[in-house]
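For reference, the structure is listed below as structure tokens.
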Amino acid sequence: MNLDFDPKKNYYDILWVSEDASEDEIKKAYRKAAMKYHPDRNKGDSTAEEKFKEINEANEVLSDAQKKSQYNAYRNGWGWFGGWGFSWWGFSGGWGFGGVDLWDLIWWMFGWGWGRRAGPTKGDDLILQLTISFEDAFHGLSKKVSYARMTTSEELEKKSCDTCGGVWVVAQQVRTPFGVMQSQWACPSCEGAWTEWYKDGVKVSGNGLVESKQEVEVNIPAGIKSWSKIRYPWMGNGGYFGGPEGDLYIKIVVKSSDKRRRDGDNLLVGADITLFDAVLWGEVEVPHPDGPVKVKIPKGLQVWEYIRVSNKWFGEKWLLKNKWDMIVSPDIRIPKRLSKKQEKLWKELQGLKA
């Protein structure tokens, strides 16, 4: 069982709050303590750094209702013992046992039950988000990305677990209104691994895994869509008990563009067109990831129509993939002011329309 807290620590004392402190009191105490021991205010002070980590750990437990309930249950009687230990609670009537809520008791006994037996287990997958430009999504690119993952370290010393004596499980019996009930789960000290790991005489968590800086070259194909994922096998966190590493996933996010967007593999481009060009069938220059493209305005173009340009779409260009286009959306601009000469010419045209 992987506990989200250390039951040996008194998180209330760490934050200097009482056990019946409210959520707001815990939040205020955490902010005050974190500000005092923040690394930026105590540069080079390793003691303050450890204290800051401990304060954050206490806050993570006491500010989470479920973790706090589990932590209090341990403090009110749920100890652990190597091998087949015993702990007794007298039935005090009502719906509680020795200060522990009945529903917490049932959750502990039936929700966890048997801990996971140690065995080769795949490591956790990691997901990194990479934001790229609209142009890079069109052309594709290669980019080196740095990240951290948990890997096996040869610097760690392995020792048999003192808590469970190397039998991987701990057990407990409780006396309830339903009779004596026994619960058994994975040792919270070694997490069912039989052994514990030490570095320079100090115990480290993580089943022999330590943080390691890594770098991967991400090859992003041309035409990739936003929120796509690229998978790199066995580049996630290390496995447990000799299991394989997890996978690394790179999630791609494509930045939006003011004048361009994607529809399937169509490239939609907005273009400002003057009324004169629309009438006289001129040309307009539109922004394309490959560079500006001149597009002819077809005769008789209406304000609600689009201009289609082939061979300028998203993705790979191949013979059978010809249904996608660059689609130009014209935004016809009506002039707010006309010179006297222009106004005269428009009036002459108006007179000829009959």
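We did not get these values from a lab; they are worked out from the coordinates using the rules stated. Everything quoted here is computed from the prediction, not taken from an experiment. Backbone-built Cβ (ideal geometry, glycine too); neighbour counts: all protein chains shown.
Only Cα sites of the stretch 1-61 enter the Debye sum here, all with the same form factor; the resulting log10 I(q)/I(0) across q = 0.24, 0.26, 0.30 1/Å is -0.98, -1.08, -1.25, listed in q order. Just to check, using Stokes-Einstein with a Kirkwood Rh over alpha carbon pairs, what's the diffusion coefficient of the stretch 250-317 at 10 °C and 1.306 mPa s in µm²/s? The diffusion coefficient I find is 117 µm²/s.
If you take the alpha carbon radius of gyration of the stretch 202-292 and divide it by 2.2 N^0.38 Å, what ratio comes out, to two decimals?
Expressed relative to 2.2 N^0.38 Å, the Cα Rg reads 1.94.
Look at where the Cα atoms of the stretch 223-240 and of the stretch 1-67 average out, and the two centres are 34 Å apart.
Using the Cβ-Cβ distance between LEU349 and THR131 with R0 set to 35 Å, the FRET efficiency from 1/(1 + (r/R0)^6) comes to roughly 0.10.
For a straight C-alpha distance cut-off of 16 angstrom, the aspartates and glutamates reachable from LYS158 (same-chain residues fewer than eight places away being disregarded) are GLU191, GLU196, ASP200. Computed from the C-beta positions of TRP16 and VAL253 and an R0 of 35 Å, the FRET efficiency is 0.25 to the nearest 0.05. Can you work out the FRET efficiency for the pair SER212 and ASP64, with r the C-beta to C-beta distance and R0 = 22 Å, to the nearest 0.05? Once rounded, the FRET efficiency stands at 0.20.
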